[in-house]
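Engineer: Below is one structure. I have some questions about it.
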There are 2 protein chains.
Amino acid sequence: MSDLEGLFLDHAAWEAAVADGDPVVYRVQSSPVPETPRELPQSITTISAGATGGELWMTKGHQHPDPQGEIYLALHGTGGLLMFDGDEHRWLDMTPGTIGYIPPGWAHRSVNVGDDAYSFLAVYPGSAGHDYGWVLEHGMGARAYRTGDAFELRPYGG
Amino acid sequence: MSDLEGLFLDHAAWEAAVADGDPVVYRVQSSPVPETPRELPQSITTISAGATGGELWMTKGHQHPDPQGEIYLALHGTGGLLMFDGDEHRWLDMTPGTIGYIPPGWAHRSVNVGDDAYSFLAVYPGSAGHDYGWVLEHGMGARAYRTGDAFELRPYGG
C-alpha cells in the first residue's frame, strides 16, 4: 500500500491504510526471461480484494517509454483492464480466459472488482520498459469504485 | 495434410494420407491485432490427434526472419514444443497451463502427443515474421513418433 502513494483519490484513507498495517495490495512474479530487446518476458500479477476510500484495489498502472503492445490474460477472479491514451479511456471486463490487448501508446492499469484475488498473466516486449511516473502526471482517465455488489467507473478527478 | 508436403519423413505415407481425404492436421485462429512493428498479435492453434508413418501430427514449424522471442501457452490436451537453432534441439512437454518460451533465433514446431486435440495460445511480436522454408532446408533436429501409449524423439533424418 505504501508503494501506491499519490494514486488513490482519497489521500487520508490511503494514509490510514498505510498506518493500519500497510497491507499487500498486489504482488508480481516475473519470468526469468530478460527485459532486453528481442525477448518476450512474462509476469503474473495477483491483486488482493479490497478498496481504499471506496476505490477498488489496483496496480499502479504504467506507460511504455518505447510504445509497444502488451497482452493480459485473466487467470483467476474478476477484474478490469483500464487503458488511457492521455485523452480517452477504455475499460475491459476480465474473467478467466479473457485476453485483453493493450495497443501501443496506451497506459494500462488492472483493477480487482471481485471478492477474491484477481490474477492475470502479462506478456510484453523486453524493450518496452515501464514508466510509472506517467500515471502520476496524467492520471488514468477514470477510477473504479465499489458500489454494493457491483462497481462503477467515475471521473479520475473524483 | 497437403500443405505439409516435405515435412513428414515417410513421404509415401504422407501421399497416402493426402489421397485418403487430405485430413485437417491443424487449424490456426488469429487475433485481429495487426502483424506490424510494435504490435503483439496472438493466435490459437489446434492440432488434431494422429500420426503419419508413425510420426505424430505437428505444425509446419517456422523461424522468425527478424529473431525475436515468442511464448506458447498450452490450453487443452497434451503436446510438445520442439525448438531447433540449426545445431541443438530442445523439447518441452506441454500440458494445460504450461508456458513455453522460444528464445530469439530458435525455430519452433508444436506436436500433439496425445489422443485428443492439442491447442495452445501463441503470442509473438508483430514484426517477427514467419519463415516456413527454413525448416524444409534445415530440419528441426528431431522428430516425434508414437510408440504404444507414449512417444519418443528420433533423429530428424530417420
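Every read-out reported here was derived from the displayed coordinates using simple, explicitly stated rules and does not represent laboratory data. Note that the coordinates shown come from a computational prediction; the quantities given were computed from them, not determined experimentally. Methodologically, a virtual Cβ is constructed for each residue, glycine included, from the backbone with ideal geometry; neighbour enumeration extends over all protein chains shown.
Engineer: So, with +1 on the Cβ of K and R and -1 on the Cβ of D and E, and no other charges, what is the size of the charge dipole of region B:18-158 about its Cα centre, to the nearest 20 debye?
Structural biologist: Charge dipole of region B:18-158: 100 debye, to the nearest 20.
Engineer: Can you classify region A:1-80 as rounded, prolate or oblate using the Cα gyration tensor, where a ≥ b ≥ c are the square roots of its eigenvalues, rounded means a/c under 1.5, and otherwise it's prolate if a/b beats b/c and oblate if not?
Structural biologist: Note, shape of region A:1-80 comes out prolate.
Engineer: Then there's this: When the helices in chain B are scored as -39500 (n - 2.57) per DSSP H run of 4 or longer and the sum is shared across all residues, what 222 nm value do you end up with, to the nearest 500 deg cm²/dmol?
Structural biologist: Value at 222 nm, helices only, nearest 500: -2500 deg cm²/dmol.
Engineer: Measuring from the axis that superposes chain A on chain B, report the chain A residue with the minimal C-beta distance, rounded to whole Å.
Structural biologist: A:VAL123, 2
Engineer: Under the rule a/c < 1.5 gives rounded, and otherwise a/b versus b/c splits prolate from oblate, where does region B:64-144 land using the Cα gyration tensor?
Structural biologist: oblate
Engineer: Moving on. Evaluated at 10 °C with a viscosity of 1.306 mPa s, what Stokes-Einstein diffusion coefficient in µm²/s does chain A have when Rh comes from the Kirkwood expression over alpha-carbon pairs?
Structural biologist: Details: Rh = 15.7 Å.
D = 101 µm²/s.
Engineer: Inter-copy label distances at A:GLY86, 7 Å along the Cα→beta-carbon direction, one decimal in nm, shortest first?
Structural biologist: Once sorted, the set of distances for A:GLY86 reads 4.1 nm.
Engineer: Can I ask one more? Using a 10 angstrom cutoff on alpha carbons, build the Gaussian network for chain A and name the most mobile of A:SER127, A:SER119, A:SER48.
Structural biologist: Largest GNM mean-square fluctuation: A:SER127.
Engineer: Would you please give the residues with an amide H less than 5 Å from that of A:THR98, counting only those at least 5 places away or on a separate chain, with H modeled from the backbone geometry?
Structural biologist: Result for A:THR98 returns A:ALA74.
Engineer: Now a separate question. To the nearest whole number, what is the average tally of beta carbon atoms from other chains within 10 Å of the beta carbons of peptide B:23-35?
Structural biologist: 1
Engineer: Kindly give the distances from B:SER127 to its copy-mates, label point to label point, with each label point 7 Å from Cα along Cα→Cβ, as nm values to one decimal ordered shortest first.
Structural biologist: Counterpart label points of B:SER127 in the remaining copies fall at 0.5 nm.
Engineer: Also, quick follow-up: Under a 5 Å amide H to amide H cut-off, with H placed in plane at 1.01 Å, what residues pair with A:GLY69 once short-range neighbours are removed?
Structural biologist: Distant-sequence amide H within range of A:GLY69: B:GLU39, B:LEU40.
Engineer: If we count GluC sites (Glu not before Pro) as exposed when they sit in a DSSP loop and have at most 14 other beta carbons within 10 Å, what is the longest stretch of chain A that avoids them all?
Structural biologist: Answer from the scan: A:6-87.
Engineer: Rounded, prolate or oblate: which one fits the protein assembly as shown, using the alpha carbon gyration tensor with axes a ≥ b ≥ c (rounded when a/c is under 1.5, else prolate when a/b beats b/c, else oblate)?
Structural biologist: prolate
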